[in-house]
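The values are calculated or read from the model by the stated rules, or taken from the named source; none is laboratory data. None of the values given here were measured: they were computed from a predicted structure. All Cβ positions, even for glycine, are placed from backbone atoms using ideal geometry, and neighbour counts span all protein chains on display.
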Amino acid sequence: MALSLASAALGIGLIAFINQRLIETVDTTVMVLPEFLGLLLLLMVVTLGSQLALTHSGTPFRLPPAQRIYQAHSGYAR
């Protein structure tokens, strides 16, 4: 949950950075590119962590119903 909120906040922050530094003020210094790429990389890493955590936490909820369906159709019972 916290990673999802952090990912959302970073996404909003990246949009605000683009709006403020690249569109409104047209900052042409060389330091804008590393800042932008750093924020983008951080957003990608946090989003990846969030998606992996969501996938990992959902696996126990997905496997038992899938196993029951498989057992019902194959006639295999434990």
Residue check for L39: aliphatic (A, V, I, L, M), in a helix (DSSP H, G or I) and within 23 Å of the chain's Cα centre (by Cα): yes
Residue in the stretch 24-45 that is closer than 30 Å to H56 by Cβ, at pLDDT 90 or above and touching a Ser or Thr at 6+ places or on another chain (Cβ under 9 Å) present: yes
Matching residues, the stretch 1-42, being in contact with an Asp or Glu (Cβ under 8 Å, 6 or more places away or on another chain) and exposed (fewer than 13 other Cβ atoms within 10 Å of the Cβ): none
Criterion violated by Q67 - all others in (1) at pLDDT below 90; (2) within 25 Å of M1 (Cα to Cα) satisfied: (2)
